[in-house]
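A short reminder: the numbers here are calculations on the coordinates, not readings from a lab. All of these numbers come straight from a predicted model, not from anything done at the bench. Here the Cβ positions follow ideal geometry from the backbone for every residue, glycine too, while neighbour counts run over all protein chains shown.
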């Protein structure tokens, strides 16, 4: 045998670790409840140690964090050692930087990186009674709680957690962006946007009341941005006095907001209709007292003719008979009752500078509030209205505000 041949040694067999034991059918089914991207690693961890298998059941969020490789490798290795040593769950949670209350959520709650959530003692105690009704609702529920705290405060997050609106998939920033901004401004009494709120948010408020109040606030924001002085100049019909009543056209935000406050009605919700030249509003007064609000619009059956489409007293109640008689007498004296509707809605832009000023404090407090539009447009507001209408549908809220 040559010298070269003598130097060759047989290649040693690679060391093979012992195969991991299979999971029981019950454990296999349980592992399948985790996010698809982590199931393989969840199964491996559960097979590698009885304590890790127990962790998956008693604290699914911690198992998800390990399987998804959240945190640093050092953190995860420390956690694995703690688990094998039988450390308390609170130590495991603290090492993973997770609040311990997350242990109450099922595997279905963790479909993506675990979002930041409140950790205070008061929040932990109160959230325990507001957990999602179904595991299938828990992922959106968790995202919404996180968004509520970020976009407003812990009280708002707790209130959101208690609402039965998580049965369908959705994006919390789109679903609750305006609602959160409204709730935040409800407590920010020094801001101008607070002055546009009629019914402030509070932790005890019913969902339908809060949603209607937020929608009303959004419409008032649009009114403020779109109908500044001089934007509308044509009242269609002339004001004047008839039978002791004065008819005053309402053409800008100040006049309309004043009318809405005096009459406790919905005149402040007409920004879009006014800006699109679909109607005009008039205040009916006796001396200095506001007694009724009148809407003029296209006649329902006679094309090209104007008519009284609404006439309401205070709190949207029926107007008295003598007010109706005065209104028809006033209408009969008008010379401009023939008016063809515009083929295209006029372009009346929203005031971007005013929007920046209205939202400045909120953006500063919430890291820029990227869920709110940077530049307000009619299309953007139409989209916000559509999102709120869909939220009303989810929550079973019936109101003319969402039609």
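Points worth noting:
- Pairwise FRET efficiency - residue 199 versus residue 233, Cβ, R0 = 30 Å, nearest 0.05: 0.35
- Residues 335, 216, 399, 27, arranged from fewest to most other Cβ atoms within 10 angstrom of their Cβ, appear as 335, 399, 27, 216.
- The stretch 146-291 - convex hull of the alpha-carbon atoms, volume per residue in Å³: 139
- Modelled FRET efficiency - R0 25 Å, residue 208 with residue 353, Cβ distances, 0.05 increments: 0.15
- For the stretch 265-307: rounded, prolate or oblate by the Cα gyration tensor [a/c cutoff 1.5]: oblate
- Shape of the stretch 240-332, Cα gyration tensor, a/c cut at 1.5: oblate
- Between residue 58 and residue 386, the modelled labels are 4.9 nm apart [label points 7 Å from Cα along Cα→Cβ].
- Prolate/oblate/rounded label for the stretch 44-157 (Cα gyration tensor, a/c 1.5): prolate
- Relative contact order [Cα under 8 Å, 6+ residues apart], the chain, whole percent: 11
- Ordering of 381-392, 301-312 by packing [mean C-beta count within 10 Å, highest first]: 381-392, 301-312
- Computed extension gain for residue 310 through residue 393, at 0.36 nm per residue and net of the alpha carbon distance, reaches 27.2 nm.
- Estimated from helical segments only, the mean residue ellipticity of the chain at 222 nm is -14000 deg cm²/dmol, where each DSSP H run of four or more residues counts as -39500 (n - 2.57).
- When restricted to Cα atoms, the stretch 21-110 yields an Rg and a Dmax of 11.8, 32 Å, respectively.
- Modelled this way, with points 7 Å down the Cα-to-C-beta line, the labels at residue 40 and residue 77 are 2.3 nm from one another.
- Given the choices (i) 22.8; (ii) 22.0; (iii) 25.6, Kirkwood radius over Cα pairs in Å derived from the coordinates of this structure is entry (iii).
- Centroid-to-centroid separation of the stretch 317-344 and the stretch 74-93 [C-alpha atoms, Å]: 76
- Pairwise label distance in nanometres, residue 94 with residue 119, each label 7 Å out on the Cα-Cβ vector: 1.0
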